[in-house]
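Q: Let me give you the structure first, and then I'll get to my questions.
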Amino acid sequence: MKARFVPPTLLLLLGICGSLLAQDGKTYTYHTQGSLAQSSKQSAQEVEDIGQIDEEGGSTTLRDKLRFNINFQTAYTTNALLQGNHGSGDVLFLPSLDVGFHTALSKHFNFDLDTKVDSVIYSRFQDRGIVGYSAQATLDYHIKQGLPRFYATLEPYRYESFDTGQLQTEAIGFTGGTDWGVPFNGGRTLGFVGYSFTEYLADPDIDTRMVHRAVVGLAHQIRTNLTLQLYYVYQFSDYTDFDRSDSKHTISGNLIYQFNDHWYGSFTTSFINNGSTQEHAAYQSFSTSLGLSLHF
């Protein structure tokens, strides 16, 4: 069976969210909020707000509004401990299960709910393995096609030790942001930008922080079932309970291949340079990963 065109919004989620390793994902992952909702129906023009999530006369059944994703990812990182420069290489396994719901509230407003269970399993540093539970409830507003989208998100999460079940961190995040995609090259290439501000209220309090994120990038459809992405993410985090601020730069690229209507493969590479006013929190890392995803 010939694979159909991969929706660019789905590719942005698979690539941008999947390429940045989960052990630090809550501090630099860029999200295209709620964009998986109708992946089976989106056209080649859609990314972010391009042909936005819902078509006119959109889905009417509950099943059309639900999504289920199972992801398997194996990654190598030069700095699993996120300390210093490339001194703690390790192979990581990152399985996850994602269940979501999306619906149009009106012509301009959409609501999306996403729930996720994910884990990070270390080969070398086995005592650092974690399992996480998170949810995102997003309300977005889109004036019209071709203009930026605006959104607000509520995001609780909790991470525990994989071995002992001991709490590592938990928080609730309040996010406001905007994103915009502009297609060109006959619709085969997309330029995208985004900005968001998030306030995380965390336990322990040492993780409470305010985060500014900005992303800019390109996605190019090489073939109907193969897409390339390149992007840069800058993040500034200000920790409010003690004297710490971080400036993180991430450069990443990935290839996403669609095997059929439900299976996707990805190859990703990323470089991260995190500067911090706390010396122990500054680090550099390089990572590469292979992923396989089932979407239905």
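The values are calculated or read from the model by the stated rules, or taken from the named source; none is laboratory data. Remember, predicted model here, so these are calculated numbers, not experimental data. Virtual Cβ from ideal backbone geometry, glycine too; neighbours counted across all protein chains shown.
Q: Output the residue which, of all residues in the stretch 190-207 that are at pLDDT below 95 and not hydrophobic (A, V, I, L, M, F, W, C), is nearest to residue 134 (Cα to Cα).
A: If we take residues in the stretch 190-207 being at pLDDT below 95 and not hydrophobic (A, V, I, L, M, F, W, C), then 203 is nearest to residue 134 (Cα to Cα).
Q: Name the residues in the stretch 222-234 that are in a strand (DSSP E or B) and either among the hydrophobic types (A, V, I, L, M, F, W, C) or surrounded by fewer than 22 Cβ atoms within 10 Å (Cβ to Cβ) (or both), would you? Quick ask: steps written out before the conclusion?
A: Residues of the stretch 222-234 that are in a strand (DSSP E or B), as a first pass: 222-223, 226-234.
Within the stretch 222-234, 222, 223, 226, 228, 230, 232, 233, 234 qualify.
Q: Here are the criteria: (1) modelled with pLDDT under 95; (2) touching a Ser or Thr at 6+ places or on another chain (Cβ under 9 Å); (3) not hydroxyl-bearing (Ser, Thr, Tyr). Tell me which single one residue 212 does not satisfy.
A: Going through (1) modelled with pLDDT under 95; (2) touching a Ser or Thr at 6+ places or on another chain (Cβ under 9 Å); (3) not hydroxyl-bearing (Ser, Thr, Tyr) one by one, residue 212 breaks only (1).
Q: Which of the residues spanning the stretch 256-275 are farther than 20 Å from residue 288 by Cα and in contact with an Asp or Glu (Cβ under 8 Å, 6 or more places away or on another chain)?
A: Within the stretch 256-275, 275 is the sole residue that qualifies.
Q: Here's another thing I want to ask about it. For residues that are surrounded by 15 or more Cβ atoms within 10 Å (Cβ to Cβ) and charged (D, E, K, R), scanning just the stretch 189-211, find the one that is nearest to residue 237 (Cα to Cα).
A: Once the filter is applied, the top-ranked residue is 209.
Q: Can you tell me which residue in the stretch 121-163 is surrounded by the fewest Cβ atoms within 10 Å (Cβ to Cβ), limited to those that are closer than 29 Å to residue 192 by Cα and β-branched (Val, Ile, Thr)?
A: So, considering only residues that are closer than 29 Å to residue 192 by Cα and β-branched (Val, Ile, Thr), the one surrounded by the fewest Cβ atoms within 10 Å (Cβ to Cβ) is 143.
Q: Same structure again: Is it the case that some residue within the stretch 240-247 is at pLDDT 95 or above, assigned to a strand (DSSP E or B) and under 19 Å from residue 191 (Cα atoms)?
A: no
Q: Checking residue 152 against (1) closer than 21 Å to residue 113 by Cα; (2) modelled with pLDDT under 95; (3) among the small types (Gly, Ala, Ser), which single condition isn't satisfied?
A: Only one criterion in (1) closer than 21 Å to residue 113 by Cα; (2) modelled with pLDDT under 95; (3) among the small types (Gly, Ala, Ser) is unmet by residue 152, namely (2).
Q: Any idea how many residues of the stretch 143-198 are in a loop (DSSP other than H, G, I, E, B) and in contact with a Gly (Cβ under 8 Å, 6 or more places away or on another chain)? Outline the logic, then answer.
A: Of all residues in the stretch 143-198, those in a loop (DSSP other than H, G, I, E, B) come to 143-148, 162-166, 185-188.
Filter once more, so that each one left must be in contact with a Gly (Cβ under 8 Å, 6 or more places away or on another chain): 145, 162-163.
Adding up the residues that qualify gives 3.
Q: Please work out which residue is surrounded by the most Cβ atoms within 10 Å (Cβ to Cβ), limiting yourself to the stretch 107-120 and to residues that are of a type in the set (S, T, N, Q) and in contact (Cβ under 8 Å) with a residue 24 or more places away in the chain. Walk me through how you get there before you give the answer.
A: So the first thing to find is which residues in the stretch 107-120 are of a type in the set (S, T, N, Q), and the list is 110, 115, 119.
Now narrow it down to the ones that are in contact (Cβ under 8 Å) with a residue 24 or more places away in the chain: 110, 119.
On the way: 110: 23, 119: 18.
So the residue we want is 110.
Q: Here are some residues: 214, 219. Which one is buried (at least 16 other Cβ atoms within 10 Å of the Cβ) and either assigned to a strand (DSSP E or B) or more than 20 Å from the chain's Cα centre (by Cα) (or both)?
A: Details: 214 fails: buried (at least 16 other Cβ atoms within 10 Å of the Cβ).
Within the list 214, 219, the selection yields 219.
Q: With the requirement that a residue be among the hydrophobic types (A, V, I, L, M, F, W, C), over 23 Å from residue 292 (Cα atoms) and surrounded by 18 or more Cβ atoms within 10 Å (Cβ to Cβ), what does the stretch 66-106 give you? Give the steps one after another, and end with the answer.
A: At the first step, the residues of the stretch 66-106 found to be among the hydrophobic types (A, V, I, L, M, F, W, C) are 66, 68, 70, 72, 75, 80-82, 91-94, 97, 99, 101, 104-105.
Okay, now just the ones that are also over 23 Å from residue 292 (Cα atoms), so 81-82, 104-105.
Scanning the stretch 66-106 gives 82, 104.
Q: Now for a separate question. Taking the criterion of being small (Gly, Ala, Ser), surrounded by 21 or more Cβ atoms within 10 Å (Cβ to Cβ), modelled with pLDDT of 95 or more and assigned to a strand (DSSP E or B), would at least one residue in the stretch 251-269 satisfy it? Walk me through how you get there before you give the answer.
A: Of all residues in the stretch 251-269, those small (Gly, Ala, Ser) come to 252-253, 265-266.
Now restrict to residues that are surrounded by 21 or more Cβ atoms within 10 Å (Cβ to Cβ): 252, 266.
Checking the rest, the ones that are also modelled with pLDDT of 95 or more come to 252, 266.
From what is left, the residues that are assigned to a strand (DSSP E or B) are 252, 266.
Scanning the stretch 251-269 turns up at least one residue that is small (Gly, Ala, Ser), surrounded by 21 or more Cβ atoms within 10 Å (Cβ to Cβ), modelled with pLDDT of 95 or more and assigned to a strand (DSSP E or B).
Q: Quick test for you: out of 139, 97, 82, pick the one residue that is touching a strand residue (DSSP E or B) at 6+ places or on another chain (Cβ under 9 Å), part of a loop (DSSP other than H, G, I, E, B) and touching a residue at least 12 places away in the same chain (Cβ under 8 Å). Break it down stepwise before answering.
A: Values: 139 fails: part of a loop (DSSP other than H, G, I, E, B); 97 fails: part of a loop (DSSP other than H, G, I, E, B).
None of the others qualify; the one that does is 82.
Q: Now for a separate question. Are any of the residues in the stretch 119-132 farther than 18 Å from residue 159 by Cβ and either under 22 Å from the mean Cα position of the chain (by Cα) or in a strand (DSSP E or B) (or both)? Talk me through it step by step, then tell me what you get.
A: First, the residues of the stretch 119-132 that are farther than 18 Å from residue 159 by Cβ: 123-124.
Filter again for either under 22 Å from the mean Cα position of the chain (by Cα) or in a strand (DSSP E or B) (or both), leaving none.
No, the stretch 119-132 has no match at all.
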